[in-house]
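The structure under discussion appears below in the form of structure tokens.
The values are calculated or read from the model by the stated rules, or taken from the named source; none is laboratory data. Given the structure is predicted, the values throughout are model-derived calculations rather than measurements. Here the Cβ positions follow ideal geometry from the backbone for every residue, glycine too, while neighbour counts run over all protein chains shown.
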Amino acid sequence: MRSTALLMVAMCLCAEDWPQFRGPGGRGIGTAPDLPTEFGPRQSVVWKSAVPFGHSSPVISGDLIFLTGAEGGERKDAGRDKVVDAGGKLYTFAIHRITGKEIWRREVPRPRLERYQPTNSAASPSPVTDGENVYVFFGDYGLLAYHGSGRELWRVPLGPFNNVNGHGSSPVLHRDLVILVCDQDSDSFIIAVDKRTGKEKWRVARPEVTRSYVTPAVLQPKDGPALLIVPGAYQVAAYYADTGEKAWWVRGFSWQPKSLPVIDGDMIFAHGWEGGGDAETPTETPVFAEALVQKDKDKDGLLTAQEFSDDARVQRNFYTVDLDNSGKVDEREWEFYRAKRSARNTLVAIKTGGRGDVTQSHVVWRMQKFLPNCPSPLVYDGVVYLIKDGGILTAVDRNTGAVLKQGRLPGAIDTYYASPVASGGRLLFLSQHGKATVIKAGREWEVLATSDFEEETFATPAIVDGRMYLRTKSALYCFAAK
């Protein structure tokens, strides 16, 4: 008990933390001036610790690193390129930042087994910490809070959720609130609970959006109340963080966004990408009344998969149209299908401020090409960096959207899920199959080194006190410059 108390003192007094997904403010920027350029599973390693499988990213306060994971049970095929864990256990755990030793582990209730796509996991959302407690979310249960010593404080069951790919949204903190975006194919909402008790403080419905996997960002203007910036299907919206009231929104966004928006001074950078959204001309889809005339053979005012016998594409992906899994598509579902087919992938730069629909007044620039699927943008020293699948790195002028330099990362032509991070003038990009590329930052960026971890990596690294913490499929590494 005494050692745990000492750990907690260190946790509360440490000045530099990485308290949430992508660190302070969700920006992915550390303060270390001398991170290693060349590192890997056998180079510049301070320690390596085995950890349960999971995609959540490490968050750090003082001498404690918090993670979630899944252990035991087999990942089984659930059809339609989906998998589900066959009863494995879910955990929240704490690791000592200096030694790499596990301090505590707590099993999480698991009343259900939700399906998810193969590149997701049952432990994908990252924790968030306020320096005293840690807050976690699992799609198979809901929200939980633990004291830094491992003592459970409260639990808030949520769901089940209607999200065919599983969950990816991480909770964030604003003052005394734990806030979570729960976008899904029906009944999307945002919830805020008291971080001390778990009691619900506000909940706002989002009927205008379908599923997403975004983590929101908190914007504190110089004047006025804090705003929660939330990209979602078809729009980026801002809500007053204290009440949940919708403040403004920008139309013309892609569907199924996955990344965290980045706040840089008076600008917000949000992006969304999905297959089929790169075409410059939106796909034309008939309105529901016309679709009924063409397809509704039994004249019941609804559409079934069988009624698309002449459209193999819709039959094959009918579950993506039938959002409530009823076997029949109504007008609401069809209108979302039309919106999805017409949505364009985009990176949008939004000037802060405004009220209501600010699409015309506050969008500074848009970009529709060279966009990532999952990784969030990195804004560093006036440059926006984007890593697209295939190892395509694009540097964009922060103020104008002009492309500065583009190229492939040699030796890392791969798929990317982890978001990039930066510190000391260097950028780190981590690919799905463990290729780590260090870049010298700048409008004319250059590759410094590439390492190979030889196993899958989905989590975003953390940077604290001159050390970097990187999670692979089976381990958590700590690196430091020699």
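Here is how the numbers come out for the structure above:
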{"read-out": "Residue within the range 225-248 that is in contact (Cβ under 8 Å) with a residue 40 or more places away in the chain, surrounded by fewer than 24 Cβ atoms within 10 Å (Cβ to Cβ) and among the basic types (Lys, Arg) present", "value": "yes"}
{"read-out": "Odd one out for Ala349, checked against (1) touching a Gly at 6+ places or on another chain (Cβ under 8 Å); (2) over 23 Å from Gly232 (Cβ atoms)", "value": "(2)"}
{"read-out": "Residue count, the range 128-167 (criterion: among the small types (Gly, Ala, Ser), under 18 Å from the mean Cα position of the chain (by Cα) and at pLDDT 95 or above)", "value": "2"}
{"read-out": "Within the range 321-366, considering residues that are aromatic (Phe, Trp, Tyr) and in contact with a strand residue (DSSP E or B) (Cβ under 9 Å, 6 or more places away or on another chain), the one nearest to Ala270 (Cα to Cα)", "value": "Trp365"}
{"read-out": "Among (1) part of a strand (DSSP E or B); (2) buried (at least 19 other Cβ atoms within 10 Å of the Cβ); (3) out of contact with any Lys or Arg (no Cβ under 6 Å at 6 or more places or on another chain) - the single one Tyr477 does not satisfy", "value": "(3)"}
{"read-out": "The range 249-269 - residue that is among the aliphatic types (A, V, I, L, M) and in a strand (DSSP E or B) and, of those, surrounded by the fewest Cβ atoms within 10 Å (Cβ to Cβ)", "value": "Met267"}
{"read-out": "Filter result for Gly272 (out of contact with any Phe, Trp or Tyr (no Cβ under 8 Å at 6 or more places or on another chain) and small (Gly, Ala, Ser))", "value": "no"}
{"read-out": "Within the range 52-89, considering residues that are closer than 17 Å to Val164 by Cβ and among the aliphatic types (A, V, I, L, M), the one surrounded by the fewest Cβ atoms within 10 Å (Cβ to Cβ)", "value": "Ala78"}
{"read-out": "Single residue of Val321, Val329 found to be more than 30 Å from Ile229 (Cβ to Cβ) and of a type in the set (A, V, I, L, M, F, W, C)", "value": "Val329"}
{"read-out": "Hits in the range 222-259 - residues which are under 30 Å from Thr281 (Cα atoms), touching a strand residue (DSSP E or B) at 6+ places or on another chain (Cβ under 6 Å) and of a type in the set (A, V, I, L, M)", "value": "Ile229, Val230, Val236, Ala237, Ala238, Val250"}
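Rundown of residues vs (1) of a type in the set (S, T, N, Q); (2) outside any loop (DSSP other than H, G, I, E, B), yes/no style:
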{"position": "Pro111", "(1), (2)": "no, no"}
{"position": "Thr119", "(1), (2)": "yes, no"}
{"position": "Ala123", "(1), (2)": "no, no"}
{"position": "Tyr135", "(1), (2)": "no, yes"}
{"position": "Ala145", "(1), (2)": "no, yes"}
{"position": "Pro160", "(1), (2)": "no, no"}
{"position": "Ser169", "(1), (2)": "yes, no"}
